[in-house]
1. Roughly how big is the range 433-473's charge dipole about its Cα centre, with Cβ charges of +1 (Lys, Arg) and -1 (Asp, Glu), in debye to the nearest 20?
2. Taking the Cα centre of the chain as origin, work out the dipole magnitude from +1 charges on Lys and Arg Cβ and -1 charges on Asp and Glu Cβ, in debye rounded to 20.
3. Among the lysines, select those whose C-alpha is under 20 Å from the C-alpha of residue 135, and discard any that sit fewer than 8 residues away in the same chain.
4. What does DSSP give for the chain in terms of the percent of beta bridges that are antiparallel, rounded to the nearest 5?
5. Specify which residue in the list 404, 360, 382 is farthest towards the positive end of the charge dipole of the range 345-413, using unit charges on the beta carbon of Lys, Arg (+1) and Asp, Glu (-1), about the Cα centre.
6. Please tell me which of these pairs span more than 27 angstrom C-alpha to C-alpha: 153/405; 207/301; 257/284?
7. In the neighborhood of residue 333, defined by Cβ-to-Cβ distances under 10 Å, what is the net charge if each Lys or Arg adds +1 and each Asp or Glu adds -1?
8. Under 17 Å Cα to Cα from residue 247, which aspartates and glutamates show up? Leave out anything in the same chain fewer than 8 places away.
Amino acid sequence: MLKYRDKCGPWLGRQEIEAWRATHAMSRRKNETGDRILLVDDEPSTRVLIRSFLESSGYQILEAATCLEVQNLLAEEHPDAVILDYRLPDGDALELLPIIKEAWPDTPVLILTGHGSIDLAVHTIKLGAEQFLTKPVELESIRILLSRVLSTKRERNMALLQQRQVHQRLDPFLGRSPAILRLRAQAEQIAAVNYPVLIEGETGSGKGLLARWIHEHSPRRQEPLVDLNCAGLGVDFLESELFGHEKGAFTGAIAPKRGLLEVAHRGTVFFDEIGDMQPQVQAKVLKVVEEKSFRRLGGLKDRKVDIRLVAATHRDLNEEVRQERFRADLLFRIATVPIRVPSLRERPEDIADIARLLLGSVAVELGRPGLALDRKAEEKLVQYSWPGNVRELKNTLERAAILSKGTSLLPQHFALGSPEPSRAQGVDTTLTLQQSERLLIEAVTDEEGGNISRAARRLGIHRSTLHEKLRKLGTIQV
């Protein structure tokens, strides 16, 4: 009987190989769920043995017999690991390793050789190999090493992903404008207390980002943050998601389900766009806020829950109350601590900083880490009014980056509407602040016929404050 010399183990015959395959077939996992391994060896018998063994452990196997075959695979495949024989007909691992690591830098490589030495092992590891194994080597040793290096790779990738997510998560207080500095001071005070918070602001201004920051800096930061977008959700779905349901509560409820309130116990619940919540659900949420209890759909038992409620809306909830679309008693409860996120129009000095940070994130996602904003492009972005705020800015940068070539985004890459008229239009900018204030006070007071109360209301200040300003200006005797 013809025998095949297995460089990784003992002599094996064809029938023994087939028997070995049959023995392990029942324990083989589905290949489509396994890691992909590129097996590079010029001896067919070795590839048959290693392939059969690794497939029984759930791996998918790609094969190559020469350096040229590996190089032909570089643009088409991306294996999770490589098992590389040191000597090949057209080269060796010292030549092939740098090529593999350049194409697949995060892919671990195991070197197998029958002619090992310490110097050679050190050399290959310096070139990027994970392990250097001298033949004969047990097949089980290869499986254990593969499992170890792939596990390390996954952990490393997960850590990099987490670092990237932290880096890419936009700071809700990025900027230097007075508006954003005030927001940070308010948020720091609000995060420390346990009262409901209502975050107001335009669409895309970062209300959800601020809600997460408040949770992460609150005493409940070790507990869950559960968010629910109330916009566009039907009553039944919203109630089922929020309160959960009992088995048989409605058609299709084949088992009990915990709602988001139970999931968030001792943590924070974030109602995004609470102004769009249906009135029927508002009544039940009010009970949760007031009594810290609720019932699952189809349930009879009150369930206690300890949550902090944070809500956000782009609507004027006072107007919604007047239009009878939002409950006044719920508004009073959730607006214990109101806070407003300023729009980009209110802090144009922050736009360039935010754009640069967002572009850095976009560039990483597109694989173009050197991408930057041209100075004139920055000026164009700052002049635009951004009705969609930060969300619109990010989408605009993504579109420009995708359509552009080179390392810089230029003004022509941004198709924006007409810039908002300058705030200084019609204003004499040669005046000092004191001179401007004097002219404004005199004009408003004259228009109100000297009525201090009405003039103060128009100016947005207290009557006594206006009296004091008039006295200091000396324009009117008080």
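1. Dipole of the range 433-473, to the nearest 20 debye: 180 debye.
2. 1480
3. Partners within reach: 3, 7.
4. Values: 9 of 46 bridges.
Within the chain, antiparallel bridges account for around 20 percent of the total.
5. 404
6. Working: 153/405 33 Å; 207/301 35 Å; 257/284 18 Å.
Pairs exceeding the cut-off: 153/405; 207/301.
7. On the way: positive: 327; negative: 290, 329.
Around residue 333, the charge tally is -1.
8. Residue 247 reaches 236, 239, 262, 302.
Each reported figure results from applying straightforward, stated rules to the coordinates on display, with no laboratory input. None of the values given here were measured: they were computed from a predicted structure. So basically every Cβ, Gly included, is an ideal-geometry build from the backbone, and we count neighbours across all protein chains shown.
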